[in-house]
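Asker: Sending over a structure as structure tokens; questions will come in a sec.
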Amino acid sequence: MSADDEATVHGPTDARESGPLRVVLVDDQALVRAGFAMVIDSQPDLTVVGQAGDGAAGLDIVVQDQPDVVLMDVRMPRIDGIEATQRILALADEGTIRPPKIIVLTTFDDDDYALRALRAGASGFLLKDTLPEVLLESIRTVVDGGAVIAPTTTRRLLETRLLPHLGAESRSHSDPQSAASSAGATSARGSAPTQPEGVEPAPSEAGASRLDAADMRRLESLTQRETEVLVLIATGLSNTEIGERLFLAQPTVKTHVGRILMKLEARDRVQAVVFAYEAGLVGPGH
């Protein structure tokens with residue numbers, strides 16, 4: 001499988017009890033749903049428990065069937081996939097339903113869709129031409145607390161949407177080996193976050209932040225070590241790689257990641273990555 005066929009996968013943060021993963025398909029094309037169902041039901045650890053042809057029906061099925069994962073189309077009648085995602089996760093926040101992981105799938109490789117989906121709380125954004133094995137692995141990844149983004153979308157999203165205020169050419173964190181990103185923002189406490197070993201400082205203009213007052217308070221709530229870990233998450237490092245870089249045991253890394261997500265009110269690592277870039281904590285790759 002070529003690099004372009006693979007999805008960007010950020011490492012998991014939470015364990016899940018054993019058992020088949022329950023999946024709901026929401027797409028207005030019956031043939032697409034049938035294809036996805038065939039692929040998913042071929043796996044012993046996955047099962048499709050419901051299907052819907054629009055966002056409103058999808059919302060009803062999610063409430064009824066309480067799935068682990070929802071594969072959500074974007075363009076649909078009545079309620080589109082972005083709004084359906086927001087409504088589903090709002091119900092989860094209220095405690096009405098168990099919070100499912102939502103992967104938005106679309107035919108359109110559109111940055112606006114991707115960014116809206118991630119900000120709505122989706123754990124992933126994939127194109128419908130994704131390879132079957134990548135789709136299956138993506139379902140398992142998001143249930144384990146990770147996040148997935150189509151690689152072409154990741155590159156453009158970070159270069160044209162999340163990094164234009166940094167004033168320099170950037171690379172996607174979908175290639176952790178080439179994304180030597182950095183923490184250049186100055187916190188409201190007046191001191192720059194300590195740089196993790198091996199992470200170069202960003203240019204001075206990378207300190208610009210697009211956070212509102214509430215997000216700034218969340219950022220300030222992070223400890224120095226948590227800020228270091230957030231920077232490394234944003235470069236695409238797994239928990240194992242973060243532990244090796246900072247000389248921390250895996251349980252300690254998992255604790256830091258969990259506290260970061262809690263403090264930032266981020267559902268998963270991909271939202272933490274978006275937060276880090278918008279905060280100016282991570283600068284362009286070199």
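Asker: Taking θ = phi - 60°, what integer Hz values does the Karplus form 6.51 cos²θ - 1.76 cosθ + 1.60 yield along segment 85-96, in sequence order, with x for Gly and Pro?
Answerer: Each residue of segment 85-96 in turn: 4, 4, 5, 4, 6, 5, 5, 5, 5, 6, x, 6 Hz.
Asker: Looking at the square roots a ≥ b ≥ c of the eigenvalues of the Cα gyration tensor of segment 224-286, which shape do they give, rounded for a/c under 1.5, prolate if a/b is larger than b/c, or oblate?
Answerer: Numbers: a/c = 1.92, a/b = 1.20, b/c = 1.60.
The shape class here is oblate.
Asker: Taking the alpha-carbon centroid of each part, what is the distance from segment 223-241 to segment 29-102 in angstrom?
Answerer: 31 Å
Asker: In addition: I'd like to compare 130-139, 233-242: which one has the highest average count of other Cβ atoms within 10 Å, and what's the full order after that? Write out the running numbers ahead of the final one.
Answerer: Numbers: 130-139: 18.2, 233-242: 21.8.
Result, highest mean Cβ count within 10 Å first: 233-242, 130-139.
Asker: Something else now. Show me, for segment 24-31, the HN-Hα J-couplings you get by feeding each phi into the Karplus relation (A = 6.51, B = -1.76, C = 1.60, θ = phi - 60°), rounded to Hz, glycine and proline as x.
Answerer: 10, 9, 10, 7, 7, 9, 4, 5
Asker: To continue, here is another question. Taking θ = phi - 60°, what integer Hz values does the Karplus form 6.51 cos²θ - 1.76 cosθ + 1.60 yield along segment 61-74, in sequence order, with x for Gly and Pro?
Answerer: Couplings: 5, 4, 5, 6, 9, 6, x, 7, 9, 10, 9, 10, 6, 9 Hz.
Asker: Quick one: net charge of T47's neighbours, Cβ under 14 Å, K/R +1, D/E -1? Write out the running numbers ahead of the final one.
Answerer: Values: positive: R22, R140; negative: D41, D45, D65, D68.
Neighbourhood net charge equals -2.
Asker: Compute the FRET efficiency between R75 and S42 as 1/(1 + (r/R0)^6), taking r as their Cβ-Cβ distance and R0 = 25 Å, and round to the nearest 0.05.
Answerer: Numbers: r = 27 Å, r/R0 = 1.08.
The computed FRET efficiency comes out at 0.40.
Asker: If amide hydrogens are placed 1.01 Å from N in the peptide plane, which non-local residues have theirs closer than 5 Å to the one on L21?
Answerer: The list, which skips near neighbours in sequence, is L46, T47.
Bear in mind that the values in this text are calculations on the coordinates, not laboratory data. As the structure is a computational prediction, the values presented were derived from the model and not from experiment. Heads up, the Cβs are rebuilt from the backbone with ideal geometry, glycines too, and the neighbour counts pull from every protein chain shown.
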